[in-house]
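To start, the structure under review is shown below, and the notes come after it.
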Amino acid sequence: MDLAIVSLPLAAAKKDQDLLFPFVSRLNFGALSIVSHLSLAGFNARVYDPQHSEKGKGIENTIAWLKENNPKLIGLSCISGFAYDNLNRYAVTIKKEFPSTILLVGGKDHIGKLGNMVIDDCSCVDVVVTGEAELAIECYIDDLMKSKNVHISVTETEKDCYSIRKYKNAIVIAGKYLDRIPKLDFTLYENFKEFPAAIEISRGCPHNCSFCVNDRTRKFVKKDIDGIISEAKDLSSLYGLKKQSIYFQAPIFAMQHDELVQLKNERQRVGLSFVWRAQCRADSIDSALACEMASAGAVVIDLGLESGSPEMLKRMCKTSDPVKYLEKARRSIKVLNEVGIIPKLNILFYVGETWETVQQTYDFIQTCTDGIQSLSAYPVMAYPGGSFMSDIKQELECAGGSFVKSDEWSQRHLTPINPSKDFSYVDLKRLGVMFGRAFQTIESYFNERSVGYYSPSVSYDQFVALSSRKDAKDLPFSFEMRRMLEYRETLRRYIASKGAISI
Ligand code: B12
């Protein structure tokens, strides 16, 4: 094997429920994209993902798999700060077992933003790749095979597909962007059947939200419908399931009417019955689009609503006209619901959040309850890269908020935020769970999550059994409709009393 990429599992949870269920399954399609691209270029590369290992056995299983496959190069994929604690753990053990194998690490949204700091934190890393890596890794392996001296000879090199600079005993490679999104080859992902199927449908994002880490210099590119259908066909036959769900992965779903019609027609023509999920802007769906989505197979649409508060929406640069935005968001929820698609709301508690703004979000959701079956709410956090922290510093101080500082968080290079004098980060994390309990039942939660977030084999009964265990605390849903409605009323009173009553 030329390259083995190990996807680093989460070491900490963003939401407590993230690590609660063993069948929660996160496919690292970025790592899969690299090996799929390399495979077409004639290299032998695979992804190993130890996230479903028995507790405490992840590293041991990884070493055993690496020994079996004996790769020439080993890569670690760390796409979020919640997996970063595992970088040193895995890197040190792997280096001990394979001292002469070059160890690469990548993951544009975390590692990529840290750059040199990764080498300061983890001295056994040989190569850090900061951006998208398909082209860079292909060139790097090529160069490595031609001359053994890539590391020693280079100080700074600029090539068509990558640039290299030296830092301490390692090198930092900046990848160049692909203008065509690779076809994912799931057979290159070890045990892929334990992971939800996905097709990467676009890269980049044309919007400019202040809290987002997306590289704004990256051109927005889409996969064409023929490409999507061809991958869906492969996935349907590889998985061999009665009901095939596919996550249409993209920072933002931007299929237009004509593309949805083409998707619907091609899906029918080829005789495919897969269903899909995607993430959209909350203000982007009208009745015609919702109908076309449904007839093209959509079953869940994630709506990045972020807030029901006009002030918060403006602060986070989500829109310059919050009243219109919220009207359109209400319409999106209604029309999706009418055509039988689950609209899932994503809510972001933001800098300056107060009891009044939380009340506005609650009221907005309450007026859409016919359409709301599922939501997720979480406080804003500062991620490395960009100028977000300095941009909000003054605003945060004015609101009586602060950045959370602790060794644990700074080792991960993540910064939770206490958004205002009214709320700490922990308060809003808890409030997020309360919103979940007030607006979703166990059934609606499962119906939403099981498309794209769980191992395909998990059944509703298994989910209920695990959720009912005594140690399953702080679940973001209610067990019954009646209890959900009671809880919703309690939450309303709690917010109206500004936290004075206990809940
Ligand atoms: C889609 C997505 C997911 C998907 C798929 C993840 C994936 N592999 O892409 C899922 C749902 C699984 C997911 C999960 C999570 N996510 Co997410 N996700 C995204 C999103 C929207 C797009 C990511 C993307 O662009 N993918 C496209 C592929 C091509 O890029 P890529 O995965 O980064 O891979 C490329 C490079 O990174 C590099 N690369 C990757 N691995 C390797 C390995 C080696 C050896 C090399 C050399 C290179 C390399 O090459 C790849 C191909 O070009 C981003 C936000 C955004 N950027 O728009 C958030 C984002 C990355 N996620 C985030 C978070 C926090 C999470 C979760 C913790 C959420 C949770 N509650 O569990 C988990 C963590 C998962 C983990 N294992 O660490 C944060 C990370 C911030 C940070 N610095 O920590 C982001 C930035 C969102 C945000 N809040 O701003 N996520």
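The values are calculated or read from the model by the stated rules, or taken from the named source; none is laboratory data. Treat the numbers as computed from the prediction; the structure is a model and nothing was measured. Cβ coordinates were reconstructed from backbone atoms using ideal geometry, including for glycine residues, and neighbour counts include every protein chain displayed.
Considering only residues that are modelled with pLDDT of 95 or more and of a type in the set (S, T, N, Q), look in segment 87-100 and name the one that is nearest to N61 (Cα to Cα).
T93
Residue by residue through segment 384-418, note down the ones that are in contact with a Ser or Thr (Cβ under 9 Å, 6 or more places away or on another chain), in a loop (DSSP other than H, G, I, E, B) and modelled with pLDDT of 95 or more.
Hits for segment 384-418 are A399, G400, G401, V404, L414.
Suppose the filter is within 14 Å of the ligand (Cβ to nearest atom) and closer than 20 Å to A83 by Cα; does G175 pass it?
On the way: within 14 Å of the ligand (Cβ to nearest atom): yes; closer than 20 Å to A83 by Cα: no.
Judged against the criteria, G175 is not a match.
What tally of residues in segment 271-296 results from selecting those that are on the phi < 0 side of the Ramachandran plot and in a loop (DSSP other than H, G, I, E, B)? If you could, list the steps in order and put the result at the bottom.
Initial filter on segment 271-296 (on the phi < 0 side of the Ramachandran plot): 272-296.
Cutting the leftovers down to in a loop (DSSP other than H, G, I, E, B) gives us 272-274, 282-286, 296.
Qualifying residue count, segment 271-296: 9.
Test K14 against the criterion of being more than 8 Å from the ligand (Cβ to nearest atom), modelled with pLDDT under 95 and surrounded by fewer than 22 Cβ atoms within 10 Å (Cβ to Cβ), and give yes or no. Steps first, please.
Working: more than 8 Å from the ligand (Cβ to nearest atom): no; modelled with pLDDT under 95: yes; surrounded by fewer than 22 Cβ atoms within 10 Å (Cβ to Cβ): yes.
Considered against the rule, which asks whether it is more than 8 Å from the ligand (Cβ to nearest atom), modelled with pLDDT under 95 and surrounded by fewer than 22 Cβ atoms within 10 Å (Cβ to Cβ), K14 comes out as no.
Condition first: of a type in the set (A, V, I, L, M, F, W, C), closer than 28 Å to G386 by Cα and either surrounded by fewer than 19 Cβ atoms within 10 Å (Cβ to Cβ) or in contact (Cβ under 8 Å) with a residue 40 or more places away in the chain (or both). Can you find one or more residues in segment 222-245 that meet it? Can you show your working first?
Taking segment 222-245 and keeping what is of a type in the set (A, V, I, L, M, F, W, C), we get 225, 228-229, 232, 235, 238, 241.
This time we only want the ones that are closer than 28 Å to G386 by Cα, so: none.
No - not one qualifying residue is present in segment 222-245.
Six or more apart or on different chains, Cβ atoms under 6 Å: show the pairs whose first residue is in segment 363-379 and within 16 Å of the ligand (Cβ to nearest atom) and whose second is part of a helix (DSSP H, G or I) and polar (S, T, N, Q).
Close Cβ pairs satisfying both conditions: S374/S444.
Considering only segment 441-503, give the helices (runs of 4 or more DSSP H) lying wholly within it that have at least 1 residues that are free of Cβ contacts under 8 Å to residues at least 40 places away in the same chain and closer than 30 Å to N191 by Cα.
Values: elements: 442-449, 460-467, 481-496.
Answer list for segment 441-503: 442-449, 460-467.
Just to be sure, is V404 within 30 Å of C368 (Cβ to Cβ) and outside the structural domain of A83 (by TED's automatic domain parsing)?
No, not satisfied.
Restricting attention to segment 86-94, does a residue exist that is surrounded by 15 or more Cβ atoms within 10 Å (Cβ to Cβ) and under 21 Å from G175 (Cα atoms)?
Scanning segment 86-94, I find at least one residue that is surrounded by 15 or more Cβ atoms within 10 Å (Cβ to Cβ) and under 21 Å from G175 (Cα atoms), so the answer is yes.
Can you spot a residue in segment 18-26 that is closer than 30 Å to R216 by Cα and either buried (at least 21 other Cβ atoms within 10 Å of the Cβ) or at pLDDT 95 or above (or both)?
As a first pass, look at segment 18-26 and keep what is closer than 30 Å to R216 by Cα: 18, 25-26.
Now drop any that are not either buried (at least 21 other Cβ atoms within 10 Å of the Cβ) or at pLDDT 95 or above (or both), which leaves none.
Checked against the condition, which is being closer than 30 Å to R216 by Cα and either buried (at least 21 other Cβ atoms within 10 Å of the Cβ) or at pLDDT 95 or above (or both), segment 18-26 yields no hits at all.
Conditions tested, residue by residue: (1) hydroxyl-bearing (S, T, Y); (2) surrounded by 21 or more Cβ atoms within 10 Å (Cβ to Cβ).
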| position | (1), (2) |
| --- | --- |
| A282 | no, yes |
| D286 | no, no |
| A294 | no, no |
| I301 | no, yes |
| S307 | yes, yes |
| V323 | no, no |
| A329 | no, yes |
| I342 | no, no |
| T357 | yes, yes |
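Taking interchain pairs and intrachain pairs at least six residues apart, which have beta carbon atoms under 8 angstrom, with the first residue in segment 173-188 and among the aromatic types (F, W, Y) and the second in a loop (DSSP other than H, G, I, E, B) and near the ligand (Cβ under 10 Å from one of its atoms)?
Hits for this filter: Y177/G131; Y177/E132; Y177/R218.
Just to check your reading of the model, which residue among D224, D215, D185, D179 is out of contact with any Phe, Trp or Tyr (no Cβ under 8 Å at 6 or more places or on another chain), under 29 Å from P50 (Cβ atoms) and at pLDDT 80 or above? Even if it seems obvious, please write down each step before you answer.
Working: D224 fails: under 29 Å from P50 (Cβ atoms); D215 fails: at pLDDT 80 or above; D179 fails: under 29 Å from P50 (Cβ atoms).
So the residue among D224, D215, D185, D179 that is out of contact with any Phe, Trp or Tyr (no Cβ under 8 Å at 6 or more places or on another chain), under 29 Å from P50 (Cβ atoms) and at pLDDT 80 or above is D185.
Tell me yes or no: at least one residue of segment 297-304 is part of a strand (DSSP E or B) and among the acidic types (D, E). It would help to see each step written out before you state the result.
Of the residues in segment 297-304, the ones part of a strand (DSSP E or B) are 298-304.
Then keep just the ones that are among the acidic types (D, E); that gives 302.
Looking for residues that are part of a strand (DSSP E or B) and among the acidic types (D, E), one finds at least one in segment 297-304, hence yes.
Cβ-Cβ distance below 8 Å, separation of 6 or more or different chains: which pairs start in segment 308-334 with a residue that is not assigned by TED's automatic domain parsing to the domain that holds T354 and assigned to a helix (DSSP H, G or I) and end on one that is buried (at least 16 other Cβ atoms within 10 Å of the Cβ) and at pLDDT 95 or above?
Partner pairs satisfying both residue conditions: none exist.
Just give me the residues in segment 242-270 being part of a loop (DSSP other than H, G, I, E, B), more than 21 Å from the chain's Cα centre (by Cα) and within 12 Å of L289 (Cβ to Cβ), in sequence order. Walk me through it before giving the result.
Just the residues of segment 242-270 that are part of a loop (DSSP other than H, G, I, E, B), to begin with: 242-244, 250-256.
From the residues that got through so far, the ones that are more than 21 Å from the chain's Cα centre (by Cα) too are 242-243, 256.
Answer for segment 242-270, where residues must be part of a loop (DSSP other than H, G, I, E, B), more than 21 Å from the chain's Cα centre (by Cα) and within 12 Å of L289 (Cβ to Cβ): just Q256.
Output the number of the condition that A496 fails; it satisfies all remaining conditions of (1) under 26 Å from R26 (Cβ atoms); (2) at pLDDT 90 or above; (3) of a type outside the set (K, R).
The one condition A496 does not meet is (1).
How many of the residues making up segment 153-201 are of a type in the set (D, E) and part of a strand (DSSP E or B)?
Taking segment 153-201 as the starting set, the residues that turn out to be of a type in the set (D, E) are 156, 158, 160, 179, 185, 190, 194, 200.
Going one step further and asking which of them are part of a strand (DSSP E or B), we end up with 156, 158, 200.
Summing the residues that are of a type in the set (D, E) and part of a strand (DSSP E or B) in segment 153-201 gives 3.
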